[in-house]
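Have a look at the structure below, then the notes.
Values in this text are rule-based calculations from the coordinates and carry no lab data. Since the model is a prediction, treat every value here as computed from it, not as a measurement. Note that each Cβ is placed from the backbone with ideal geometry, even for glycine, and that neighbours are counted across all protein chains shown.
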Amino acid sequence: MNRLYLGVDVGSVSTNLVLMDENREVRQGLYLRTQGRPLETIQKGLSQLKLDGGMINGVGTTGSARNLAAAVLGADVVKNEITAHAVASSNLVPGVQTILEIGGQDSKIIILRNGVVSDFAMNTVCAAGTGSFLDQQAGRLDIEIEDFGDIALTSKLPVRIAGRCSVFAESDMIHKQQLGHSMPDILAGLCEAMVRNYLNNVGKGKDIQAPVVFQGGVAANRGIRRAFEQALGLEIIVPEHFSVMGAVGAAILAQEAVAGGKPSCFRGLNTATSQFIASSFECSGCPNLCEIVQIGLEDNVLARWGDRCGKWAVQEVSPAETETA
Amino acid sequence: MRIGVPRGLLFFYYYPLWEAFFRTLGVELVVSAPTSRPLFNRGVVLASDETCLPVKVFFGHIESLREKQVDYVFLPRMVSMEKRTYLCPKLLGFPEVVTSVITDLPPVLTANFNLRKNPKELDKALHELGKQLGYNARRIQQAVEAAREAQARFEDLLLGGQEFDLAVKGRSAERNTAEVALRIGVLGHAYMLYDRFTSLDIKGKLSKFGTEIITAETVDSGEIDHYMEQLPKKMFWSHSKRILGAAYSFIDDPRVHGLVHLSCFGCGPDSMIADMVERACRRRGKPFMVLTLDEHTGEAGLVTRLEAYVDMLRRRVEVENNISAHG
């Protein structure tokens, strides 16, 4: 039977699932919108997996809801997005030295040397220059986000747009549009502004060297890709599974975690239909009044987090116990 | 007599001095409780929007002293604590700022500490405090000596790597000297780093990842001066001077694998220091990360960055070890 590894990346905007085989080939990649309901989205993704006679041998989770996903699925490894993205890229593009990643709410740059992360940066609190902003502008201009990049590519003379702040960028765009600039020029200008903003903030002072890989949902936008190529003067590689690279990394890490015959903690595919209950309460044990989140399956509490002191931590339940329970 | 002391800002630098001074005089000190969510929230509401996070938190501490039946609230005006340096401007006008914001406060006990030109000003300021409380000069002098001694012991303990919570009580304890795989130099103001709530317990989080943390307080002042002399211009903020000097020393120290700067949103001196440290780290290929905290900072983003940073250091060390083993 085929041994498969499941990687799950639950971000603020998208939830991605990847099924990878023993040879690190991606068998299936799912890109789903999280839409504020990570638990349901994970279950929805799980029900869409096609094992084709294979068996899930290991599970890895990443993304901002990685702990939630790990509790629900029974993960063998839980890793931050930076490590997951770096692992995925260096497997798919050997020798990669720079990873540009732009997702829905965050953007990051990862510098690798000799296959090891040597530097990284993430955007700060502001979501300017991330996928959400492009989504919002596409909505305002009534174009499909999928067409955004191709329309931008037809531009002959991109207009200059302030990319420092999305509020200013929007008013700049409206101003240019009212002056009569064409849609492709405005979109291409926005692509350039976003890239400028990215390189000035996240990429500030970073030693960007080829090969450069561009991944994350925004890598689908060919306009942004061209703007990066022009700004850096380097070829930009967009890997085949660019939108689910975090999940690919999680799957690879899962494979490593169970190597040596460790049994997986995976709860099984029927998790898709289990009734998980997420609830929260305020602990009144001390003046900190921590908000505790609790994930339950029927009568069992699977995980709790949010407490500063650790008194609500749930003892880890071994996979054998959960199966018999 | 009971004197209230807010557990914030200069508390993290000079509490042993104050404690020994007032105890020797026979005054009872009442310290506000460690920062908690309600106290934090109150401080954010009270303080000006323009100021930095630790100052906001400090307002919460001061206000909490109102309910403690104290005769005075102690708010020293520490202008300069060593030759030719100043403390942060935000701290200099504190007694006035506070009394204009929180009106029904017990009387404020204050004195000017300005040692910029003359270190003897310390004794003078303490005598002034004692006199305000009605003690005679001989008694005050005893307290001054006890205070100096306690402060020196505290600084020595920190220098030796003692945990702040123990050092502030003057307690020494055997430190675990086992060799660790990863050592991280954590930079930042003491009132951020050692306030568990405000710093989101960054030190505890790093320890949980199996790393050893060293802070600027473990670097002796001679070494700091050595690095400061190489700057084209004098660093005239005392805390920034210590942080920057320690950073340069960590960069030179092969036993320190990386640096993390815990800064707070709205800190003027930090914005400059962080950049200087970053440049120096880049030149020397030392991993460096700035974490800027403010009142809205969520734990999740912080944990992600710390975890990724520690992962990175660990992999780098593994690779270096592999190379040296074969080379």
Mind checking which lysines have their Cα closer than 16 Å to the Cα of residue B:286? Skip sequence neighbours fewer than 8 apart in that chain. A:206
Largest first and to the nearest Å, give the Cα extent of the protein assembly as shown along each principal axis. 89, 68, 59
Could you calculate the contour length gain from residue A:210 to residue A:313, that is, 0.36 nm times the residue separation minus the distance between their Cα atoms, to one decimal place in nm? 32.6 nm
Across every pair of different alpha-carbon atoms, what Kirkwood hydrodynamic radius in Å does the stretch A:43-125 reach? 14.5
Qualifying aspartates and glutamates (Cα of each under 12 Å from Cα of residue B:205; at least 8 residues distant if same chain): B:299, B:307
Please state the shape class of chain B: rounded when a/c is under 1.5, otherwise prolate if a/b exceeds b/c and oblate if not, all from the C-alpha gyration tensor. prolate
Charge dipole of the protein assembly as shown about the Cα centre (unit charges at C-beta), most positive-ward option of A:20, A:4, A:183: A:183
Once both labels are modelled 7 Å past Cα along the beta-carbon direction, what's the residue B:117-residue A:222 spacing in nm? 7.4
Provide, for q = 0.07 Å⁻¹, the log10 of I(q)/I(0) from a solvent-free Debye sum over equal Cα point scatterers in chain A. -0.32
Out of A:308, A:27, A:267, any idea which swings most in a Gaussian network model of chain A, alpha carbons joined below 10 Å? A:308
Need one word for the stretch B:245-327: rounded, prolate or oblate. Basis is the Cα gyration tensor (sqrt eigenvalues a ≥ b ≥ c); a/c below 1.5 gives rounded, then a/b vs b/c decides. oblate
So what is the relative contact order for chain A, in percent, with contacts set as C-alpha pairs under 8 Å and at least six apart? 22
Which part of the stretch A:260-277 falls in the paramagnetic zone of residue A:37, meaning amide N under 15 Å from the point 7 Å along Cα-to-beta-carbon? A:272-277
Can you tell me which of A:252, A:110, A:277 moves the most in a GNM of chain A? Springs connect C-alpha atoms under 10 Å apart. A:277
Using r as the Cβ-Cβ distance of residue B:159 and residue B:294, and R0 as 35 Å, what FRET efficiency do you calculate, to the nearest 0.05? 0.70
Connecting C-alpha atoms closer than 10 Å in a GNM of chain A, tell me which of A:195, A:218, A:293 has the biggest fluctuation. A:293
Would you mind pulling out the separation of the Cα centroids of the stretch B:56-88 and the stretch A:271-304, in Å? 40
Only bridges whose two residues both fall in the stretch B:2-159 count here: according to DSSP, what percent of them are antiparallel, nearest 5? 0
Using the alpha-carbon centroid of each, what span in Å lies between the stretch A:175-248 and the stretch B:1-47? 51
C-alpha long axis of helix B:268-284 to longest principal axis of chain B, angle in °: 20
Using the beta-carbon distance between residue A:22 and residue A:136 and R0 = 41 Å, what value does 1/(1 + (r/R0)^6) give for FRET efficiency, to the nearest 0.05? 0.50
Quick check on the stretch B:17-146: take the gyration tensor over C-alpha atoms, sort the square-rooted eigenvalues as a ≥ b ≥ c, and tell me if it's rounded (a/c under 1.5), prolate or oblate. oblate
Out-of-range pairs (alpha-carbon distance over 22 Å; input B:90/B:120; A:44/A:311; B:83/B:124; B:169/B:203): B:90/B:120; A:44/A:311
List the lysines whose alpha-carbon lies under 26 Å from that of residue A:156, not counting same-chain residues fewer than 8 positions away? A:176
Rounded to the nearest 0.05, what FRET efficiency is calculated for residue B:101 and residue A:177 with R0 set to 45 Å and r the Cβ-Cβ distance? 0.45
Among B:161, B:136, B:78, the residue whose Cα sits farthest towards the positive end of the charge dipole of the stretch B:77-188, when +1 is placed on the Cβ of each Lys and Arg and -1 on the Cβ of each Asp and Glu, is B:136
Helix-only [θ]222 nm of chain B, DSSP H runs n ≥ 4, -39500 (n - 2.57) each, per residue, nearest 500: -16000 deg cm²/dmol
Only four residue types carry charge here, +1 at the Cβ of Lys and Arg and -1 at the Cβ of Asp and Glu. Report the dipole size of the protein assembly as shown about the Cα centre in Debye, rounded to the nearest 20. 1640
So which GluC sites (Glu not before Pro) in the stretch A:93-191 pass both tests, a DSSP loop state and at most 10 other Cβ atoms within 10 Å of the Cβ? A:144
Taking loop as defined by DSSP and a crowding limit of 15 other beta carbons within 10 Å, which trypsin sites (Lys or Arg not before Pro) in the stretch B:1-95 fit? B:83, B:84
If the label point is 7 Å along Cα→Cβ of residue B:171, which residues in the stretch B:1-40 have backbone nitrogen under 15 Å from it? none
Amide H of residue B:294: which non-local residues (sequence gap of 5 or more, or other chain) have their own amide H closer than 5 Å, using H built in the peptide plane? B:265
More than 20 angstrom separation, counting every C-alpha pair in the stretch B:2-75; what % is that? 30
Mind pulling the angle between the C-alpha long axis of helix A:222-232 and the longest principal axis of chain A? Nearest 10 degrees, somewhere in 0 to 90. 70
Built amide H within the under 5 Å cut-off of residue A:303, gap 5+: A:295
Residue B:128 versus residue B:152: modelled label distance in nm, points set 7 Å from Cα along the beta carbon direction: 2.4
Between the Cα axis of helix A:245-258 and the main Cα principal axis of chain A, the angle (0 to 90°, nearest 10) is 30
Two-site label geometry, residue A:291 and residue B:50: point separation in nm, points 7 Å out along Cα→Cβ: 3.2
Over the stretch B:178-326, what number does the Rg to Rh ratio reach, with both radii from the alpha-carbon atoms and Rh per Kirkwood? 0.96
